[in-house]
1. Ranked highest first by the average count of other Cβ atoms within 10 Å around their residues, in what order do 71-77, 144-150 fall?
2. What value, in deg cm²/dmol to 500, does the helix sum -39500 (n - 2.57) over DSSP H runs of n ≥ 4 give at 222 nm once divided by the residues of the chain?
3. What is the P(r) of the chain, as percent of Cα-Cα pairs per 5 Å bin from 0?
4. Report, to the nearest whole %, how much of the accessible area of the chain belongs to carbon and sulfur atoms, 1.4 Å probe, protein only.
5. On a 0 to 90° scale, report how tilted helix 2-13 is relative to the longest principal axis of the chain, with both axes built from alpha carbons and the result rounded to the nearest 10.
6. For the chain, what is the number of Lys pairs with C-alpha distance below 16 angstrom, counting only pairs 8 or more positions apart or on separate chains?
7. Local charge sum around residue 47 (other residues, Cβ-Cβ under 15 Å, Lys/Arg +1, Asp/Glu -1)?
8. Leaving out ligands and nucleic acids, note down the accessible area per residue over the chain with a 1.4 angstrom probe, in whole Å².
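The values are calculated or read from the model by the stated rules, or taken from the named source; none is laboratory data. Computed from a predicted model, the values in this text were never measured in an experiment. As a convention, Cβ positions derive from the backbone with ideal geometry for all residues, glycine included, and neighbour counts pool all protein chains shown. Just so you know, the surface numbers come from the protein's heavy atoms only, side chains and all, with ligands and any DNA or RNA stripped out. Shrake-Rupley method; radii C 1.70, N 1.55, O 1.52, S 1.80 Å.
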Amino acid sequence: MLENQLKQEASEHFAEAHIERVHKETDELIAEEAPASFLKESIHFLKQHKSEFIYLESPAFDLIRVDAISLELDDMFGFYNVMLGLKLQKKYDQALKTYLSEHLDGPDLRFGAMFNQADGLWDLNFALNYVEGFKEEMSIGDAYQLIYEFLSQLVEAVQEEK
């Protein structure tokens, strides 16, 4: 039931999202995008704009302990890389890494998770391609929805460990 509630809230809140396209190397803003139209774009947008990443803030992210989520195409390996700061205490180190290891299905390095003492949060990145439910044909909105659901399950599972 909670999962269905999170799905509904996420899709509703993405309508209020703040979306930026940003240049990877310079962090310069390329454009701000309207959620209603941009989220319908194919995720292949990132293959066509390899020098960019998408930065998305949403009120829905408060529920999953995240301020914003960035998404880009990894130039070297060709997978969709998700980057964020996760507001979980350092004591969840083992539970967090165990969850990621068990729930990301890929051949190589599937994630990076490092606790940032200065910010008090986890610098987390992972390959979206390795998340169950990922499809190469999905829209940017569907990709963010999948990320949201994955992170909500991660946070819930990690907190149950302690």
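1. Numbers: 71-77: 15.3, 144-150: 22.3.
With the highest mean Cβ count within 10 Å placed first, the list reads 144-150, 71-77.
2. Values: 5 runs with 53 residues, N = 162.
Only helices count here, giving -10000 deg cm²/dmol.
3. P(r) for the chain, in whole percents per bin: 1, 9, 19, 22, 23, 16, 8, 2, 0.
4. Working: 4050 of 8800 Å².
It is 46 percent, rounded to a whole number.
5. Between helix and principal axis, roughly 30 degrees.
6. Counting lysine pairs in the chain gives 9.
7. Numbers: positive: 21, 24, 50, 135; negative: 41, 52, 72, 74, 75, 136, 137.
Combined, the nearby Lys, Arg, Asp and Glu give -3.
8. Normalised by residue count, the accessible surface of the chain is 54 Å².
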